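**Q** Could you have a look at this structure, given as structure tokens, before my questions?
Nothing in this text is a laboratory measurement; each read-out follows from the coordinates by a stated rule. These numbers come from a predicted model, not from an experiment. No Cβ is skipped: glycine too gets one built from the backbone with ideal geometry, and neighbour counts run over all protein chains shown.
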């Protein structure tokens, strides 16, 4: 089966703000969205810093979608999906009139509602704490008639959702596919990662020798995919190929060899018909945990060797957005190709991953940026790699 499909719409919201261009501009200025938490008590967890979506922005997204205080994931997901739908030629009516489907990626959905239910057994139950119900509600808000799926597969969820959407298009199950990745910060995640001793007390430092854990973040990203764009569609980029593997190594710890991730990258390149030396930028996973970054480095070096393309992780400025990361970072990768610029990996001072990597400390402008490989790994040993191609609509 072919893996090619066009990306004709995108949007995102994250700790650095609202929209891909605003977030990109702040990313290039070296701003960090990982700050002292405002919605969570300080001193309760192993860190007080998180990549929160600013409160005023979250309130604006709630007003935009009619969501209440208990539904931040719906507010973010529905808002950016709606903007993508309205932004293409023909607007939302086009998506509602076509057989348009939705794949939503998340790890925990409206986890806050489940936390409240656990704290008050017998209280009112809102089914939105079910991640499938969250996907359904977003699809209903946009009046979509196509297939609706939810992918909850740890930190690769976003990339897997893009793959699932492309597969549905190629099978003829939909004419257009919206992909939405969303995750929100909650006590559950902060407590869980604290129990793992996996959180850094300061903004995380991907690939750095002194890295000491990740920073949790929240946000959402959305892409609109189709096989045959209309002449007036802005083709922002293309899905070129993918690879998904599983190490079957450990429920939380990554494989130390990186063989599974390397196999996923090779599969993605093969599906896209690319050689390793044709890749212009690697959007790394780069969580800044000791073992993930070392495993990732081995996998990248195994595929690309010493003459590898530039590499960056945006998690040092946005935090790890979990199930949203694959979609959100794919949107930023589309901007990188449009601007022919690789962002810096914020927080890196001294590389320390055991093998040579070309991690950027400053943004790098390139004469050509046509192919990006985005990689993610997650609990349970799952790995995913996605090839993105520069779109005809990029300048």
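**Q** What's the extension gain from residue 253 to residue 170 if we count 0.36 nm per residue and subtract their Cα-Cα distance?
**A** Extra length available between residue 253 and residue 170 comes to 26.4 nm.
**Q** Right, here's the next one. Compute the distance in nm between two label points, each set 7 Å from the Cα along the Cα-to-Cβ direction, one at residue 307 and one at residue 276.
**A** 1.1
**Q** What is the ratio of the Cα radius of gyration of segment 296-340 to 2.2 N^0.38 Å, with N the residue count, to two decimals? All intermediate terms of the calculation are to be shown ahead of the outcome.
**A** On the way: Rg = 12.4 Å, N = 45, 2.2 N^0.38 = 9.3 Å.
Relative to the 2.2 N^0.38 Å estimate, segment 296-340 comes out at 1.33.
**Q** Reported to two decimal places, what Rg/Rh ratio describes segment 270-395 when computed on Cα atoms with Rh from the Kirkwood expression?
**A** On the Cα set of segment 270-395, Rg over Rh gives 0.93.
**Q** If you don't mind, there's one more thing I want to ask. Can you pull the semi-axes for segment 5-226, root of five times each eigenvalue of the Cα gyration tensor, sorted largest first, whole Å?
**A** Its equivalent ellipsoid spans semi-axes of 30, 21, 16 Å.
**Q** Take peptides 290-296, 114-120 and line them up by average Cβ neighbours within 10 Å, highest first, as a rough protection proxy.
**A** Descending mean neighbour count gives 290-296, 114-120.
**Q** Okay, moving on. Using per-residue counts of other Cβ atoms within 10 Å, averaged over each peptide, order 192-202, 322-332 from highest down. Present the calculation step by step, with values, prior to reporting the outcome.
**A** Working: 192-202: 16.3, 322-332: 30.0.
Order by mean packing, descending: 322-332, 192-202.
**Q** To continue, here is another question. Test of understanding: extend the Cα→C-beta vector of residue 379 to 7 Å, then name every residue of segment 308-336 with backbone N under 15 Å from that spot.
**A** Answer for this model: 321-324.
**Q** Note down the nm distance, to one decimal, between modelled labels 7 Å out along Cα→Cβ at residue 366 and at residue 29.
**A** Between residue 366 and residue 29, the simple spin-label model gives 2.6 nm.
**Q** In nm, to one decimal, how far is the residue 115 label point from the residue 98 one, both placed 7 Å along Cα→Cβ?
**A** Taking the two extended label points, one gets 3.8 nm.
**Q** Take the Cβ-Cβ distance between residue 56 and residue 196 as r, set R0 to 45 Å, and report the resulting FRET efficiency rounded to the nearest 0.05.
**A** 0.90
**Q** Which label belongs to the value computed from this structure, given these candidates for semi-axes √(5λ) of the Cα gyration tensor in Å: [x] 39, 31, 17; [y] 28, 27, 19; [z] 49, 34, 19?
**A** Checked against the structure: label [y].
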